[in-house]
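Encoded as structure tokens, the structure appears first; notes follow it.
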Amino acid sequence: MTTVATERSVKDIIPDPATLVARAKAMIPTLKARAAQCEAERKIPAETIAEFQAAGFFDILKPRRWGGFEMEPKVFFEVQLAISEGCMSTGWVYGVVGVHPLQLGLFPLQAQEDVWSKNPQTLISSSYQPVGKVERTEGGFYLSGQWGFSSGCDHCDWVFLGAIAPPADASGTPEYLTFLLPRSDYQIVHDWNVYGLQATGSHGIVVDKAFVPEHRTHRAVDGFLCKNPGQLANAAPLFRLPWAQVFVRAVSSAAIGALQGALNAFVGIAAKRVSTNTGKSTKLDPFALNAAARTQSAILEMKTVLMRSFDDMMATIRAGREIPIPDRIRYRYESSQIARRCAALCDELLPLLGGRAIYMDSPVVRYWLDVNAARAHVANDPAIIGTSLGALYVGENVQEFFI
């Protein structure tokens with residue numbers, strides 16, 4: 001069995017969580033300065049990815065046997081919030097690509113070795129749309145299809161792809177699987193032409209009947225039950241979390257950081273702006289002042305709920321208990337609201353800055369476009385999970401595997 005373990009102490013290998021967060025916050029000005037380049041190229045610069053690697057950001061949720069830190073999820077999200085304050089597209093890519101080491105840690109150990117044995121810094125992109133064609137064969141599956149929205153794929157050498165597999169026999173039922181494929185088994189279609197989150201490079205993935213061995217698959221039901229093959233090798237409490245709970249936050253929490261960035265820009269402009277039409281100072285406008293107060297209060301609330309949820313989940317797991325299904329549905333619902341709440345608050349800020357605010361070089365516009373684009377992700381639609389939560393409250397049985 002291959003690992004990257006060394007004889008160094010944990011102190012030598014693993015930085016303090018506060019150090020990681022401080023590194024992310026220190027990068028905010030650089031990420032803001034690079035945002036225009038990111039948009040023009042429709043991807044995050046390679047130098048930013050390299051800096052994240054060097055800072056240890058992609059190791060936060062990675063198993064220790066592969067040089068990772070196995071830290072609390074809230075450390076990962078604190079880093080994502082800071083990155084997103086500088087550039088939401090960058091924070092989005094970090095959230096998606098940075099959460100994948102956790103899922104790979106749930107796969108059988110052989111799959112982890114396939115990806116990390118030669119280079120433990122290897123990154124994975126994803127598209128979990130269940131659109132592929134799956135055929136069972138001896139030792140695994142044949143996978144074909146075209147997927148969209150694979151954020152950060154240009155920087156990754158492997159990909160997770162979702163699809164519905166047919167039952168193994170006549171008495172079985174179809175099941176959702178995540179398939180793990182190397183770069184040699186798929187093509188990237190550069191089709192990302194959107195109004196927001198432009199720099200995420202969320203291009204399409206095409207697969208033409210690639211063979212995927214059984215060990216490179218992860219069953220959604222295993223993630224739901226928190227009984228994954230990888231837990232035999234990675235026994236830390238982190239790997240007993242419901243996988244979906246972590247992933248959905250990875251695609252919602254960047255909006256919180258971006259809203260903070262938008263508010264910072266708003267306050268910076270409002271402090272100096274005097275309307276050329278009315279001669280009034282924005283800093284004396286009660287509507288602007290109240291909007292700033294509401295936005296900052298909402299940001300603090302959303303961050304508190306995010307961190308409290310993972311504190312509660314980790315405490316439950318460490319106590320040897322299962323996270324109750326009602327709590328899991330509620331956590332999912334809280335996550336699903338974030339992008340739309342942030343978009344509404346950002347919508348309120350923009351008109352209060354006058355005509356200059358609609359120009360593309362306005363420091364608020366990019367955040368506004370990115371936050372609004374984030375609403376399109378299926379995990380950020382509160383109507384879907386809200387139906388399940390409401391049904392639970394009125395006494396109906398709820399069957400959800402993606403919680």
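The values are calculated or read from the model by the stated rules, or taken from the named source; none is laboratory data. Quick caveat, the model's predicted, so the values are computed rather than measured. For neighbour counting, all protein chains shown are included, and Cβ atoms are generated from backbone atoms with ideal geometry for every residue, glycine included. Note: accessible area is taken over every heavy atom of the protein model, side chains too, but ligands, DNA and RNA are not part of it. Shrake-Rupley method; radii C 1.70, N 1.55, O 1.52, S 1.80 Å.
Matching residues to (1) touching a strand residue (DSSP E or B) at 6+ places or on another chain (Cβ under 7 Å); (2) crowded, with 18+ Cβ neighbours inside 10 Å; (3) at pLDDT below 95:
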| site | (1), (2), (3) |
| --- | --- |
| R328 | no, yes, no |
| S336 | no, yes, no |
| C346 | no, yes, no |
| I358 | no, no, yes |
| N380 | no, yes, no |
| I385 | no, yes, yes |
| G390 | no, no, yes |
| V394 | no, no, yes |
| N397 | no, no, yes |
| field | Single condition A24 does not satisfy, out of (1) part of a helix (DSSP H, G or I); (2) in contact with a helix residue (DSSP H, G or I) (Cβ under 7 Å, 6 or more places away or on another chain); (3) within 20 Å of H203 (Cβ to Cβ) | value | (3)
| request: Can you give me the ranges of the helices (runs of 4 or more DSSP H) entirely in region 197-299 with at least 2 residues that are within 26 Å of the chain's Cα centre (by Cα) and aromatic (F, W, Y)? | output: 243-250
| task | Please enumerate the residues belonging to region 41-65 that are of a type in the set (A, V, I, L, M) and within 21 Å of V194 (Cβ to Cβ). | result | I44, I49
| said: Just to verify a result, which residue in region 214-237, among those that are among the charged types (D, E, K, R) and under 14 Å from T178 (Cβ atoms), is surrounded by the most Cβ atoms within 10 Å (Cβ to Cβ)? | reply: R216
| query | Among all residue pairs at least 6 apart or on different chains, which show Cβ distances below 9 Å where the first residue, located in region 277-289, is closer than 17 Å to L350 by Cβ and without any contact (Cβ under 8 Å) to a residue 12 or more places away in the chain and the second is among the charged types (D, E, K, R) and assigned to a helix (DSSP H, G or I)? | reply | L289/K283
| said: Restricting to region 238-260, name every residue that is farther than 12 Å from L102 by Cβ and either among the small types (G, A, S) or open to solvent by 20 Å² or more (accessible area, probe 1.4 Å) (or both). | reply: S252, S253, A254, A255, G257, A258, Q260
| When you scan region 136-176, how many residues do you find that are without any contact (Cβ under 8 Å) to a residue 60 or more places away in the chain and of a type outside the set (A, V, I, L, M, F, W, C)? | 15
| Residue count, region 149-175 (criterion: open to solvent by less than 40 Å² (accessible area, probe 1.4 Å) and closer than 19 Å to D222 by Cα) | 6
| task | Only residues that are assigned to a helix (DSSP H, G or I) and among the acidic types (D, E): list them for region 129-165, please. | result | D154
| field | Scope region 61-80; condition open to solvent by 10 Å² or more (accessible area, probe 1.4 Å) and part of a helix (DSSP H, G or I); matching residues | value | R64, R65, K74, V75, E78
| Tally time: how many residues in region 284-322 are crowded, with 20+ Cβ neighbours inside 10 Å and within 16 Å of P73 (Cα to Cα)? | 5
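So is S171 of a type outside the set (A, V, I, L, M) and closer than 28 Å to W192 by Cβ or not? Before you say what the answer is, go through the steps one by one.
Numbers: of a type outside the set (A, V, I, L, M): yes; closer than 28 Å to W192 by Cβ: no.
So S171 does not fit the description; no.
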| query | So D361 fits all but one of (1) assigned to a helix (DSSP H, G or I); (2) farther than 18 Å from R240 by Cα; (3) among the acidic types (D, E); what number is the exception? | reply | (1)
| message | Please verify whether A18 is closer than 22 Å to R249 by Cβ, within 21 Å of the chain's Cα centre (by Cα), at pLDDT 95 or above and open to solvent by 60 Å² or more (accessible area, probe 1.4 Å), treating the condition exactly as stated. | response | yes
| query | What number goes with the only condition from (1) within 26 Å of S127 (Cβ to Cβ); (2) part of a loop (DSSP other than H, G, I, E, B) that Y367 does not pass? | reply | (2)
